[in-house]
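Here is the structure we will look at, set down as structure tokens.
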Amino acid sequence: KNKPAALDALAGLYTNIPRKCLNLPASAEAGSDVAMDALRHDEEEVRESAARCLGAALELQGDEAVLAAMADLLSQHRAGRGGRQGGMGGPPGGRGITRRFSGSALSVAESIASSITGGEGGGGGGRIGGGDPDGDNEESRTDDESDLEEYSSPPSRHGRAAAAYRILLSPSAGATAARDAETFRGSTRLIRDLVLDDDVAVRRAACLAAGAALRRSPDPTSTLRELRRAMKKCMRATEEATVHACLARGLISACGNDAKPATRGASGEGGSIFLCKAGMPILDGALMLAVGSAAPPHVQRMFHGFLWLALGVGDARGAGASSDGGNNNKGLERYKRLAEGENGRIMMTLVNKTLSKIERVEEGDGGQ
């Protein structure tokens, strides 16, 4: 019970304590390693807390640490895909952050790690500091095969999705990951794969991560093209309501993309990164979940919030009425021009009857 609490406390320490009170870069380095190990824990709550801790710790470190953490996640993902397909994807390598500790970093890591692992097997516990480089080849092969099996497990896949979400959501760490083209491209593909995962918990975390990727993307149209098929699949009526809810939270977060003014079109229409051809499948899917019977009322309201932001309904308030009796909403007008069939009419009805009555949408942190 105390494992997620310990990780959450560490994340809170990194987020709230004045930096001059501790040797925080060294302590954060140790916390990153502990959190990376805990991402493979058997308990979902522990993995989610580990992801929060990792995101908070990386905020206090430099670009190199952020890129190293992302490289570890991508390497684990490649290895896990190889394990699931019956091949040898190779053990994680590259710019990994697993290391030996010294000084204050070691004391922080030991106290937190003992609370998290408790001497238990599984979940990646007890791996801090790496393995014995002098082990024989047979033992190394056995360890590699064990790693491959672990990296392909649902807990490990969920941990990677949760970690990608928290890193990309973090202001400084997320910006660093987005600036590095190779890292961001790999992260987007990792998220796409996990949105399509067959495990519900993995899909929930990956939908949140997809929103964070869209929020951080320097080229949101390209990122939309990469993610939209997977995201649209999660909008099916047969999908779990919890996945729909996480997808709505992710989409709400994505509406905060700083690049959105450059994506509003040559005619200067308002709205968000979704008001383009690449984003129409997402808007259409959200519309169906907002007005149909596929989603429960609380999920419908979440998609109302997303559409309120995506169409810029709040931006249009006070601009008067249009000739068709609706709000003078440039985002809605652009959607109607891009929409097919009856979707334009359905969206206009939703805006006039429901979305126009919304005062504001609280973005929050998207989630978990």
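Key figures
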{"quantity": "Length added when fully stretched, Ser222-Thr238, from 0.36 nm per residue minus Cα-Cα", "calculated": "3.0 nm"}
{"quantity": "Cut-off 10 Å between beta-carbons: net charge of the residues surrounding Glu239, Lys and Arg +1, Asp and Glu -1", "calculated": "+2"}
{"quantity": "Neighbour net charge for Arg52 - beta-carbon separation under 9 angstrom, K R +1, D E -1", "calculated": "-1"}
{"quantity": "Stretchable slack from Glu45 to Arg301, in nm (0.36 nm times residue separation minus alpha-carbon distance)", "calculated": "89.5 nm"}
{"quantity": "Å² of accessible area per residue within the stretch 30-83, as computed with a 1.4 Å probe and no ligands counted", "calculated": "27"}
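The values are calculated or read from the model by the stated rules, or taken from the named source; none is laboratory data. Keep in mind the model is a prediction, meaning the values are calculated, not measured. FYI the Cβ positions are ideal-geometry reconstructions off the backbone, even for glycines, and counts take in every protein chain you see. Areas reflect the complete protein model, heavy atoms only, side chains present, ligands, DNA and RNA absent. Shrake-Rupley method; radii C 1.70, N 1.55, O 1.52, S 1.80 Å.
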